[in-house]
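K.L.:
For reference, the structure I am asking about is given below.
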Amino acid sequence: MSLDAVLSRIDSDLPEAMDRLLDLLRIPSISTDPAFKQDCDRAADWLVADLNGLGVKTEKRTTPGHPMVVGHLDGDGPHLLFYGHYDVQPVDPLELWDRDPFDPQIEQTVKGQVIRGRGSSDDKGQLMTFIEACRAWKAVHGSLPCKLTFFLEGEEESGSPSLVPFMEENAEELKSDIALICDTGLFESKTPAIVTMLRGLLGEEITITGPDMDLHSGMYGGVAINPIRVMSRILASLHDDEGRITIPAFYDGVPELSDELEAQWQGLAFDHNTFLGDVGLSRPAGEQDRTPLEMIWSRPTCEINGIWGGYTGDGFKTVLPSKAQAKVSFRLVGDQDPLAIRENFRKMVRDMLPEDCEVSFGGHGASKASMTETENPAFDAARKALSDEWQVPAAYVGCGGSIPIAGFFQNILGTTPMLVGFGKDDDAIHSPNEKYDVESFHKGIRSWARILEALT
Ligand SMILES: [Zn+2]
(Lines give C-alpha, C1' and ligand atoms only; values in the text may rest on other atoms or scores of the structure.)
Protein backbone atom coordinates (compact mmCIF):
# COMPACT_ATOMS: atom_id res chain seq x y z
CA MET A 1 0.00 0.00 0.00
CA SER A 2 2.64 2.47 1.07
CA LEU A 3 4.82 1.54 -1.88
CA ASP A 4 1.90 2.22 -4.22
CA ALA A 5 1.65 5.75 -2.86
CA VAL A 6 5.35 6.30 -3.51
CA LEU A 7 5.05 4.91 -7.04
CA SER A 8 2.11 7.18 -7.88
CA ARG A 9 3.99 10.12 -6.47
CA ILE A 10 6.89 9.25 -8.80
CA ASP A 11 4.50 9.10 -11.77
CA SER A 12 2.89 12.43 -11.03
CA ASP A 13 6.21 14.16 -10.27
CA LEU A 14 7.95 12.92 -13.44
CA PRO A 15 7.81 16.26 -15.36
CA GLU A 16 9.41 18.09 -12.41
CA ALA A 17 11.99 15.31 -12.00
CA MET A 18 12.93 15.71 -15.68
CA ASP A 19 13.25 19.48 -15.24
CA ARG A 20 15.63 18.95 -12.34
CA LEU A 21 17.73 16.57 -14.44
CA LEU A 22 17.81 19.04 -17.35
CA ASP A 23 19.02 21.68 -14.90
CA LEU A 24 21.93 19.49 -13.80
CA LEU A 25 22.71 18.56 -17.41
CA ARG A 26 23.16 22.25 -18.31
CA ILE A 27 26.32 22.35 -16.18
CA PRO A 28 29.28 21.28 -18.36
CA SER A 29 31.15 19.32 -15.68
CA ILE A 30 33.86 17.81 -17.90
CA SER A 31 36.36 16.52 -15.37
CA THR A 32 39.32 15.84 -17.60
CA ASP A 33 39.61 19.38 -18.98
CA PRO A 34 40.92 22.02 -16.53
CA ALA A 35 38.93 24.69 -18.42
CA PHE A 36 35.78 23.21 -16.81
CA LYS A 37 37.06 23.09 -13.24
CA GLN A 38 34.56 25.68 -12.03
CA ASP A 39 31.72 23.87 -13.75
CA CYS A 40 32.62 20.65 -11.93
CA ASP A 41 32.45 22.66 -8.74
CA ARG A 42 29.05 24.06 -9.77
CA ALA A 43 27.67 20.57 -10.43
CA ALA A 44 28.85 19.51 -6.97
CA ASP A 45 27.20 22.61 -5.45
CA TRP A 46 23.98 21.83 -7.30
CA LEU A 47 23.88 18.33 -5.79
CA VAL A 48 24.81 19.58 -2.31
CA ALA A 49 21.88 22.03 -2.46
CA ASP A 50 19.46 19.44 -3.85
CA LEU A 51 20.34 16.82 -1.23
CA ASN A 52 20.26 19.34 1.60
CA GLY A 53 16.80 20.30 0.38
CA LEU A 54 15.84 16.67 0.89
CA GLY A 55 17.06 16.80 4.48
CA VAL A 56 20.30 14.92 3.74
CA LYS A 57 23.20 16.62 5.54
CA THR A 58 25.47 17.09 2.57
CA GLU A 59 28.84 18.74 2.03
CA LYS A 60 31.26 19.32 -0.77
CA ARG A 61 34.52 17.75 0.31
CA THR A 62 37.78 18.89 -1.22
CA THR A 63 40.31 16.56 -2.79
CA PRO A 64 43.46 17.36 -4.78
CA GLY A 65 41.16 17.11 -7.84
CA HIS A 66 37.42 17.73 -8.12
CA PRO A 67 35.33 17.63 -4.94
CA MET A 68 33.40 14.67 -3.58
CA VAL A 69 29.79 15.19 -2.53
CA VAL A 70 29.08 13.31 0.70
CA GLY A 71 25.76 13.33 2.49
CA HIS A 72 24.27 11.47 5.42
CA LEU A 73 20.74 10.84 6.50
CA ASP A 74 20.10 9.18 9.81
CA GLY A 75 17.40 6.60 10.02
CA ASP A 76 16.42 3.18 11.23
CA GLY A 77 17.06 0.01 9.34
CA PRO A 78 20.05 -1.00 7.24
CA HIS A 79 22.72 1.47 6.20
CA LEU A 80 22.73 1.90 2.43
CA LEU A 81 25.29 3.90 0.52
CA PHE A 82 24.60 5.28 -2.94
CA TYR A 83 27.43 5.97 -5.40
CA GLY A 84 27.24 7.88 -8.68
CA HIS A 85 29.36 10.45 -10.50
CA TYR A 86 28.50 13.98 -11.56
CA ASP A 87 31.34 14.53 -14.02
CA VAL A 88 30.95 13.86 -17.73
CA GLN A 89 33.06 12.99 -20.76
CA PRO A 90 34.32 15.67 -23.17
CA VAL A 91 31.96 16.38 -26.08
CA ASP A 92 34.23 16.45 -29.09
CA PRO A 93 33.79 15.97 -31.98
CA LEU A 94 31.23 18.71 -31.44
CA GLU A 95 30.22 18.83 -35.12
CA LEU A 96 28.74 15.33 -34.82
CA TRP A 97 26.18 16.50 -32.24
CA ASP A 98 22.75 17.41 -33.56
CA ARG A 99 22.42 20.05 -30.83
CA ASP A 100 24.40 21.77 -28.09
CA PRO A 101 25.44 18.95 -25.70
CA PHE A 102 24.82 21.23 -22.70
CA ASP A 103 21.45 22.54 -23.86
CA PRO A 104 19.58 19.31 -23.10
CA GLN A 105 16.10 18.64 -24.48
CA ILE A 106 13.39 16.03 -24.35
CA GLU A 107 13.11 14.61 -27.86
CA GLN A 108 10.56 12.40 -29.49
CA THR A 109 12.24 9.55 -31.44
CA VAL A 110 10.86 6.50 -33.25
CA LYS A 111 11.78 4.42 -30.20
CA GLY A 112 10.10 6.79 -27.72
CA GLN A 113 10.99 9.89 -25.73
CA VAL A 114 14.62 10.52 -24.85
CA ILE A 115 16.52 13.04 -22.76
CA ARG A 116 19.34 14.26 -25.02
CA GLY A 117 22.53 15.83 -23.72
CA ARG A 118 25.99 15.02 -22.38
CA GLY A 119 25.70 13.12 -19.09
CA SER A 120 22.02 12.30 -19.61
CA SER A 121 22.83 8.61 -19.22
CA ASP A 122 26.40 8.57 -17.87
CA ASP A 123 25.92 9.32 -15.10
CA LYS A 124 23.73 12.31 -14.15
CA GLY A 125 20.49 10.72 -15.37
CA GLN A 126 21.34 7.50 -13.60
CA LEU A 127 22.31 9.13 -10.31
CA MET A 128 19.16 11.26 -10.32
CA THR A 129 17.01 8.12 -10.55
CA PHE A 130 18.01 7.29 -6.99
CA ILE A 131 17.73 10.84 -5.66
CA GLU A 132 14.24 11.15 -7.19
CA ALA A 133 13.16 7.85 -5.61
CA CYS A 134 14.27 9.19 -2.23
CA ARG A 135 12.44 12.48 -2.88
CA ALA A 136 9.16 10.70 -3.63
CA TRP A 137 9.54 8.40 -0.64
CA LYS A 138 10.18 11.34 1.66
CA ALA A 139 7.24 13.30 0.24
CA VAL A 140 4.88 10.41 0.98
CA HIS A 141 6.28 9.12 4.28
CA GLY A 142 8.15 12.09 5.72
CA SER A 143 11.29 9.99 6.24
CA LEU A 144 13.28 7.26 4.53
CA PRO A 145 13.19 3.62 5.66
CA CYS A 146 16.93 3.32 6.20
CA LYS A 147 20.13 5.07 7.09
CA LEU A 148 21.58 6.57 3.91
CA THR A 149 24.92 7.84 2.75
CA PHE A 150 25.39 9.58 -0.58
CA PHE A 151 28.83 9.43 -2.15
CA LEU A 152 29.07 11.26 -5.47
CA GLU A 153 32.32 11.56 -7.34
CA GLY A 154 33.53 14.17 -9.85
CA GLU A 155 36.52 12.40 -11.40
CA GLU A 156 35.15 9.10 -12.67
CA GLU A 157 35.62 10.03 -16.32
CA SER A 158 39.20 11.08 -15.71
CA GLY A 159 40.53 8.01 -13.92
CA SER A 160 39.31 8.72 -10.34
CA PRO A 161 42.72 9.83 -9.02
CA SER A 162 41.33 11.00 -5.65
CA LEU A 163 38.94 8.14 -5.06
CA VAL A 164 41.06 5.52 -3.32
CA PRO A 165 42.86 7.98 -1.01
CA PHE A 166 39.50 9.57 -0.12
CA MET A 167 37.92 6.19 0.60
CA GLU A 168 40.89 5.16 2.71
CA GLU A 169 40.90 8.41 4.71
CA ASN A 170 37.14 8.31 5.27
CA ALA A 171 36.64 4.56 5.53
CA GLU A 172 34.80 4.66 8.85
CA GLU A 173 32.39 7.28 7.58
CA LEU A 174 31.66 5.47 4.30
CA LYS A 175 31.31 1.93 5.60
CA SER A 176 27.80 0.64 5.11
CA ASP A 177 25.86 -2.60 4.67
CA ILE A 178 25.47 -2.31 0.93
CA ALA A 179 26.83 0.13 -1.65
CA LEU A 180 24.35 0.75 -4.46
CA ILE A 181 26.24 1.74 -7.60
CA CYS A 182 24.25 3.18 -10.47
CA ASP A 183 26.59 3.37 -13.46
CA THR A 184 25.71 0.24 -15.46
CA GLY A 185 22.94 -0.74 -17.85
CA LEU A 186 20.00 -2.95 -18.58
CA PHE A 187 20.63 -6.28 -20.25
CA GLU A 188 19.31 -5.43 -23.72
CA SER A 189 16.66 -2.78 -23.57
CA LYS A 190 13.89 -4.44 -21.54
CA THR A 191 15.57 -6.73 -19.01
CA PRO A 192 16.84 -5.23 -15.76
CA ALA A 193 20.18 -6.53 -14.55
CA ILE A 194 22.39 -6.67 -11.50
CA VAL A 195 26.04 -6.92 -12.46
CA THR A 196 27.63 -9.53 -10.23
CA MET A 197 30.84 -10.40 -12.05
CA LEU A 198 33.43 -7.89 -13.14
CA ARG A 199 36.58 -8.98 -14.85
CA GLY A 200 39.98 -7.84 -13.59
CA LEU A 201 42.73 -6.48 -15.81
CA LEU A 202 46.45 -7.07 -16.21
CA GLY A 203 48.67 -5.30 -18.74
CA GLU A 204 52.15 -6.24 -19.93
CA GLU A 205 54.54 -4.54 -22.33
CA ILE A 206 57.30 -6.65 -23.86
CA THR A 207 60.47 -5.47 -25.55
CA ILE A 208 62.67 -8.04 -27.26
CA THR A 209 66.10 -6.90 -28.35
CA GLY A 210 68.34 -8.79 -30.76
CA PRO A 211 71.25 -7.03 -32.48
CA ASP A 212 72.66 -3.86 -30.89
CA MET A 213 71.45 -1.75 -33.82
CA ASP A 214 69.17 -1.94 -36.86
CA LEU A 215 70.98 -3.92 -39.57
CA HIS A 216 70.84 -4.12 -43.36
CA SER A 217 68.89 -7.25 -44.28
CA GLY A 218 70.99 -7.76 -47.38
CA MET A 219 74.13 -7.93 -45.33
CA TYR A 220 72.89 -9.60 -42.13
CA GLY A 221 69.59 -11.22 -43.18
CA GLY A 222 69.64 -14.96 -42.58
CA VAL A 223 72.55 -14.95 -40.23
CA ALA A 224 71.34 -12.46 -37.59
CA ILE A 225 68.39 -13.19 -35.31
CA ASN A 226 65.34 -11.02 -36.07
CA PRO A 227 63.52 -9.97 -32.88
CA ILE A 228 60.21 -9.46 -34.72
CA ARG A 229 60.33 -13.09 -35.78
CA VAL A 230 60.97 -14.08 -32.17
CA MET A 231 58.15 -11.86 -30.92
CA SER A 232 55.71 -13.24 -33.50
CA ARG A 233 56.46 -16.82 -32.52
CA ILE A 234 55.95 -16.03 -28.82
CA LEU A 235 52.70 -14.11 -29.35
CA ALA A 236 51.35 -16.79 -31.67
CA SER A 237 51.93 -19.41 -29.02
CA LEU A 238 49.79 -17.69 -26.35
CA HIS A 239 46.64 -19.45 -27.65
CA ASP A 240 46.15 -22.99 -28.91
CA ASP A 241 43.98 -23.99 -31.87
CA GLU A 242 40.90 -24.24 -29.64
CA GLY A 243 41.27 -20.66 -28.36
CA ARG A 244 42.63 -21.72 -24.98
CA ILE A 245 45.37 -19.67 -23.38
CA THR A 246 48.59 -21.65 -23.00
CA ILE A 247 50.38 -19.83 -20.18
CA PRO A 248 51.11 -22.41 -17.45
CA ALA A 249 48.62 -22.37 -14.55
CA PHE A 250 46.68 -19.55 -16.26
CA TYR A 251 43.29 -21.11 -15.51
CA ASP A 252 44.02 -21.59 -11.79
CA GLY A 253 41.19 -19.95 -9.87
CA VAL A 254 38.79 -19.75 -12.83
CA PRO A 255 35.42 -20.95 -11.51
CA GLU A 256 32.78 -22.87 -13.42
CA LEU A 257 29.34 -21.25 -13.67
CA SER A 258 26.80 -22.42 -11.13
CA ASP A 259 23.94 -24.43 -12.61
CA GLU A 260 21.57 -21.63 -11.63
CA LEU A 261 23.55 -18.94 -13.41
CA GLU A 262 24.07 -21.15 -16.44
CA ALA A 263 20.31 -21.64 -16.71
CA GLN A 264 19.69 -17.90 -16.23
CA TRP A 265 22.15 -16.98 -18.96
CA GLN A 266 20.70 -19.54 -21.33
CA GLY A 267 17.33 -17.83 -20.83
CA LEU A 268 18.69 -14.40 -21.79
CA ALA A 269 17.88 -13.13 -25.22
CA PHE A 270 21.48 -12.79 -26.34
CA ASP A 271 22.08 -13.18 -30.04
CA HIS A 272 25.77 -13.49 -30.74
CA ASN A 273 25.14 -13.29 -34.48
CA THR A 274 23.82 -9.76 -34.06
CA PHE A 275 26.48 -8.87 -31.48
CA LEU A 276 29.25 -9.94 -33.85
CA GLY A 277 27.37 -8.94 -37.00
CA ASP A 278 27.26 -5.32 -35.76
CA VAL A 279 31.06 -5.17 -36.09
CA GLY A 280 31.32 -7.15 -39.31
CA LEU A 281 32.12 -10.53 -37.75
CA SER A 282 30.36 -13.88 -37.63
CA ARG A 283 32.31 -16.45 -35.62
CA PRO A 284 33.05 -16.41 -31.85
CA ALA A 285 36.85 -16.62 -31.61
CA GLY A 286 37.36 -17.54 -27.94
CA GLU A 287 37.53 -20.94 -26.28
CA GLN A 288 35.58 -23.14 -28.65
CA ASP A 289 33.87 -25.17 -25.91
CA ARG A 290 32.33 -22.04 -24.31
CA THR A 291 29.26 -20.00 -25.17
CA PRO A 292 29.74 -16.42 -26.45
CA LEU A 293 28.26 -14.98 -23.23
CA GLU A 294 30.76 -16.96 -21.17
CA MET A 295 33.55 -15.63 -23.40
CA ILE A 296 32.48 -12.06 -22.60
CA TRP A 297 31.51 -12.36 -18.95
CA SER A 298 32.95 -15.34 -17.13
CA ARG A 299 36.05 -16.53 -18.99
CA PRO A 300 39.49 -14.91 -18.91
CA THR A 301 41.14 -13.52 -22.02
CA CYS A 302 44.57 -12.73 -23.38
CA GLU A 303 44.64 -10.10 -26.11
CA ILE A 304 47.49 -8.60 -28.07
CA ASN A 305 46.70 -4.88 -28.15
CA GLY A 306 49.64 -3.57 -30.11
CA ILE A 307 52.77 -4.77 -31.86
CA TRP A 308 55.49 -2.72 -33.47
CA GLY A 309 59.12 -2.70 -34.60
CA GLY A 310 61.25 -2.28 -37.69
CA TYR A 311 60.17 0.00 -40.50
CA THR A 312 56.46 0.81 -40.79
CA GLY A 313 56.49 4.04 -42.81
CA ASP A 314 55.64 4.53 -46.47
CA GLY A 315 57.66 2.68 -49.04
CA PHE A 316 60.09 0.02 -48.06
CA LYS A 317 63.25 -0.26 -46.01
CA THR A 318 65.08 -3.59 -45.92
CA VAL A 319 65.88 -3.31 -42.26
CA LEU A 320 66.63 -6.10 -39.83
CA PRO A 321 65.41 -4.44 -36.66
CA SER A 322 67.15 -4.35 -33.35
CA LYS A 323 63.93 -4.41 -31.33
CA ALA A 324 60.37 -5.72 -31.37
CA GLN A 325 57.69 -4.56 -28.95
CA ALA A 326 54.17 -5.59 -28.03
CA LYS A 327 51.44 -4.83 -25.54
CA VAL A 328 49.42 -7.71 -24.17
CA SER A 329 46.51 -7.50 -21.76
CA PHE A 330 44.51 -10.04 -19.83
CA ARG A 331 40.92 -9.87 -18.55
CA LEU A 332 40.76 -11.95 -15.39
CA VAL A 333 37.94 -13.73 -13.61
CA GLY A 334 37.21 -15.49 -10.34
CA ASP A 335 40.24 -15.94 -8.11
CA GLN A 336 42.89 -15.62 -10.81
CA ASP A 337 45.94 -13.99 -9.27
CA PRO A 338 47.23 -11.18 -11.54
CA LEU A 339 50.72 -11.24 -10.04
CA ALA A 340 51.10 -15.01 -10.44
CA ILE A 341 49.93 -14.72 -14.04
CA ARG A 342 52.42 -11.92 -14.68
CA GLU A 343 55.22 -14.11 -13.34
CA ASN A 344 54.16 -17.18 -15.35
CA PHE A 345 53.72 -15.12 -18.49
CA ARG A 346 57.18 -13.56 -18.15
CA LYS A 347 58.75 -16.96 -17.47
CA MET A 348 57.06 -18.42 -20.55
CA VAL A 349 58.41 -15.58 -22.70
CA ARG A 350 61.93 -15.94 -21.27
CA ASP A 351 61.86 -19.71 -21.81
CA MET A 352 61.05 -19.19 -25.48
CA LEU A 353 63.78 -16.65 -26.02
CA PRO A 354 66.60 -17.83 -28.30
CA GLU A 355 70.24 -17.18 -27.63
CA ASP A 356 71.38 -13.60 -28.38
CA CYS A 357 67.98 -12.09 -27.53
CA GLU A 358 67.05 -10.19 -24.44
CA VAL A 359 63.68 -9.27 -23.09
CA SER A 360 62.44 -6.57 -20.75
CA PHE A 361 58.95 -6.11 -19.37
CA GLY A 362 56.82 -3.23 -18.26
CA GLY A 363 53.74 -3.80 -16.15
CA HIS A 364 50.49 -1.83 -16.50
CA GLY A 365 47.95 -2.32 -13.75
CA ALA A 366 47.08 -5.60 -12.10
CA SER A 367 43.59 -5.85 -10.69
CA LYS A 368 41.74 -8.97 -9.62
CA ALA A 369 38.25 -9.72 -10.82
CA SER A 370 35.46 -8.98 -8.40
CA MET A 371 32.43 -11.06 -7.76
CA THR A 372 29.67 -9.86 -5.51
CA GLU A 373 28.33 -12.23 -2.91
CA THR A 374 24.91 -12.93 -4.32
CA GLU A 375 24.22 -15.26 -1.38
CA ASN A 376 23.51 -12.03 0.52
CA PRO A 377 19.68 -12.04 0.72
CA ALA A 378 19.64 -8.39 -0.39
CA PHE A 379 20.46 -9.59 -3.90
CA ASP A 380 17.44 -11.81 -4.30
CA ALA A 381 15.27 -9.10 -2.76
CA ALA A 382 16.57 -6.47 -5.19
CA ARG A 383 16.26 -8.87 -8.08
CA LYS A 384 12.63 -9.48 -7.24
CA ALA A 385 11.96 -5.74 -6.93
CA LEU A 386 13.47 -5.15 -10.37
CA SER A 387 11.52 -8.04 -11.89
CA ASP A 388 8.29 -6.61 -10.48
CA GLU A 389 8.92 -3.22 -12.02
CA TRP A 390 10.02 -4.38 -15.46
CA GLN A 391 7.68 -7.37 -15.63
CA VAL A 392 10.47 -9.71 -16.75
CA PRO A 393 12.88 -11.69 -14.57
CA ALA A 394 15.91 -9.55 -13.73
CA ALA A 395 19.25 -11.15 -14.57
CA TYR A 396 22.52 -11.53 -12.71
CA VAL A 397 24.99 -10.65 -15.40
CA GLY A 398 28.70 -10.32 -15.93
CA CYS A 399 30.47 -7.31 -17.29
CA GLY A 400 33.29 -7.72 -19.76
CA GLY A 401 34.85 -4.43 -18.77
CA SER A 402 36.30 -3.48 -15.44
CA ILE A 403 34.49 -1.20 -12.96
CA PRO A 404 37.14 -0.62 -10.30
CA ILE A 405 34.78 1.14 -7.87
CA ALA A 406 33.05 -2.16 -7.05
CA GLY A 407 36.34 -3.68 -5.94
CA PHE A 408 37.20 -0.58 -3.88
CA PHE A 409 33.99 -0.87 -1.87
CA GLN A 410 34.75 -4.53 -1.25
CA ASN A 411 38.42 -4.23 -0.47
CA ILE A 412 38.76 -0.83 1.21
CA LEU A 413 35.45 -0.64 3.08
CA GLY A 414 34.41 -4.29 3.35
CA THR A 415 31.05 -3.19 1.91
CA THR A 416 29.14 -5.37 -0.55
CA PRO A 417 28.66 -3.50 -3.83
CA MET A 418 25.42 -3.89 -5.79
CA LEU A 419 25.54 -2.62 -9.37
CA VAL A 420 22.17 -1.70 -10.79
CA GLY A 421 21.64 0.67 -13.72
CA PHE A 422 19.16 1.50 -16.43
CA GLY A 423 21.34 2.62 -19.35
CA LYS A 424 20.86 1.09 -22.77
CA ASP A 425 23.46 -0.01 -25.31
CA ASP A 426 22.38 2.73 -27.72
CA ASP A 427 22.68 5.56 -25.16
CA ALA A 428 25.90 6.74 -26.89
CA ILE A 429 27.65 7.39 -23.59
CA HIS A 430 31.07 8.95 -24.30
CA SER A 431 29.90 9.67 -27.89
CA PRO A 432 28.04 12.47 -29.68
CA ASN A 433 24.25 12.71 -29.13
CA GLU A 434 24.23 10.92 -25.77
CA LYS A 435 20.68 10.21 -24.58
CA TYR A 436 18.79 8.52 -21.76
CA ASP A 437 15.38 7.07 -22.47
CA VAL A 438 12.58 8.71 -20.50
CA GLU A 439 11.45 5.14 -19.87
CA SER A 440 14.85 4.33 -18.28
CA PHE A 441 14.62 7.41 -16.11
CA HIS A 442 11.01 6.84 -15.05
CA LYS A 443 11.24 3.10 -14.47
CA GLY A 444 14.67 3.60 -12.92
CA ILE A 445 13.19 5.86 -10.24
CA ARG A 446 10.35 3.38 -9.65
CA SER A 447 12.87 0.53 -9.48
CA TRP A 448 14.83 2.26 -6.72
CA ALA A 449 11.66 2.87 -4.72
CA ARG A 450 10.89 -0.85 -4.94
CA ILE A 451 14.49 -1.76 -4.05
CA LEU A 452 14.40 0.60 -1.07
CA GLU A 453 11.32 -1.18 0.15
CA ALA A 454 12.78 -4.62 -0.54
CA LEU A 455 16.02 -3.92 1.34
CA THR A 456 14.48 -2.34 4.42
ZN1 LIG B 1 29.83 6.45 -15.74
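K.L.:
Quick one: dipole size for the chain, taken about the Cα centre, charges +1 on Lys/Arg Cβ and -1 on Asp/Glu Cβ, in debye to the nearest 20.
P.N.:
200 debye
K.L.:
Contour minus end-to-end for Val164 and Ala381, with contour as 0.36 nm per residue of separation and end-to-end as the Cα-Cα distance?
P.N.:
75.2 nm
K.L.:
At 1.4 Å probe size, with every protein chain present, just tell me what the per residue accessible area of the range 184-253 comes to in Å².
P.N.:
46 Å²
K.L.:
Same structure, new question: In deg cm²/dmol and to the nearest 500, what is the mean residue ellipticity at 222 nm of the chain if only DSSP H runs of at least 4 residues count, each as -39500 (n - 2.57), divided by the residue total?
P.N.:
Roughly -10000 deg cm²/dmol at 222 nm, from the helical runs in the chain.
K.L.:
Starting with the highest mean, order 74-81, 147-154 by the number of other Cβ atoms within 10 Å, averaged over the residues of each peptide.
P.N.:
Result, highest mean Cβ count within 10 Å first: 147-154, 74-81.
K.L.:
If packing is taken as the average count of other Cβ atoms within 10 Å, what order do 345-358, 162-175 fall into, highest mean first?
P.N.:
162-175, 345-358
K.L.:
Compute the long axis of helix 377-390 from its Cα atoms, compare it with the longest principal axis of the Cα atoms of the chain, and write down the angle in degrees, 0 to 90, nearest 10.
P.N.:
Roughly 70 degrees between the two axes.
K.L.:
Can you work out the FRET efficiency for the pair Lys60 and Lys347, with r the C-beta to C-beta distance and R0 = 60 Å, to the nearest 0.05?
P.N.:
0.75
K.L.:
Under 25 Å from the Cα of Lys111, which lysines turn up, not counting those fewer than eight places away in the same chain?
P.N.:
Answer for Lys111, where 25 Å is the Cα cut-off: Lys124, Lys190, Lys424, Lys435, Lys443, listed by chain and number.
K.L.:
Same structure, new question: So, with a 1.4 angstrom probe, what is the percent of accessible area on the chain that is carbon and sulfur?
P.N.:
50 percent
K.L.:
Further, regarding this structure: Aspartates and glutamates within cross-link reach of Lys317: Cα-Cα under 13 Å, excluding same-chain residues under 8 positions apart?
P.N.:
Within the straight-line cut-off, Lys317 pairs with Asp214.
K.L.:
Where the centroid of each part is defined by its Cα atoms, how far is the range 337-390 from the range 170-237 in Å?
P.N.:
Cα centroid to Cα centroid, the span is 11 Å.
K.L.:
Could you give the nm distance between label points at Glu172 and Lys327, where each point is 7 Å from its Cα heading toward the beta carbon?
P.N.:
Taking the two extended label points, one gets 4.2 nm.
K.L.:
List the residues whose amide H sits under 5 Å from the amide H of Ala193, counting only those 5 or more places along or on another chain, with H placed 1.01 Å from N in the peptide plane.
P.N.:
Phe187, Ala395, Gly421
K.L.:
Just going by the charge dipole of the range 285-324, with Lys and Arg at +1 and Asp and Glu at -1 on Cβ, which of Cys302, Ala285, Thr312 is farthest out on the positive end?
P.N.:
Highest projection toward the positive end goes to Thr312.
K.L.:
Restricting attention to the alpha-carbon atoms of the range 261-355, what are Rg (one decimal) and Dmax (integer), both in Å?
P.N.:
Just the Cα atoms of the range 261-355 yield Rg and Dmax of 18.9, 56 Å.
K.L.:
Quick check: residue separation of Ala269 and Arg99 times 0.36 nm, minus the Cα distance between them. What number comes out in nm?
P.N.:
57.8 nm is the gain from fully extending Ala269 to Arg99.
K.L.:
Round to the nearest 0.05 the FRET efficiency obtained for Ala285 and Asp425 when R0 = 25 Å and r is the Cβ-Cβ distance.
P.N.:
Computed FRET efficiency for Ala285 and Asp425 comes out at 0.75.
K.L.:
Using Cα pairs closer than 8 Å and at least 6 residues apart in sequence, work out the relative contact order for the chain, in percent.
P.N.:
Relative contact order for the chain comes out at 26 percent.
K.L.:
Let me ask something else about it. Angle, helix 124-141 long axis vs. longest principal axis of the chain, Cα atoms, 0 to 90°, nearest 10?
P.N.:
30 degrees
K.L.:
Among all the lysines, which ones have a C-alpha under 21 Å from Lys323's C-alpha, if same-chain residues fewer than 8 places away are not counted?
P.N.:
Lys347
K.L.:
Follow-up question, since we're still on this one. Could you work out how far apart the two model spin labels at Asp259 and Ala236 are, taking each label as a point 7 Å from the Cα in the direction of the beta carbon, and quote it in nm?
P.N.:
Taking the simple label geometry, Asp259 and Ala236 are separated by 4.5 nm.
K.L.:
By per-residue mean of other Cβ atoms within 10 Å, what is the highest-first order of 116-126, 392-402, 260-270?
P.N.:
Highest-to-lowest ranking by the protection proxy: 116-126, 392-402, 260-270.
K.L.:
For the chain, take the convex hull of the Cα atoms, compute a quarter of its surface area, and give me that in nm², please.
P.N.:
24.8 nm²
K.L.:
Between the helical axis of 438-455 and the dominant principal axis of the chain, each derived from Cα atoms, what acute angle in degrees is found, rounded to the nearest 10?
P.N.:
Taking the Cα atoms of the chain, the angle to 438-455 is about 80 degrees.
The values are calculated or read from the model by the stated rules, or taken from the named source; none is laboratory data. Just so it is clear, the model here is predicted, and its values are computed rather than measured. Methodologically, a virtual Cβ is constructed for each residue, glycine included, from the backbone with ideal geometry; neighbour enumeration extends over all protein chains shown. Each accessible area value is taken on the protein alone, full model and side chains, heavy atoms only, with ligands, DNA and RNA left out. Shrake-Rupley method; radii C 1.70, N 1.55, O 1.52, S 1.80 Å.
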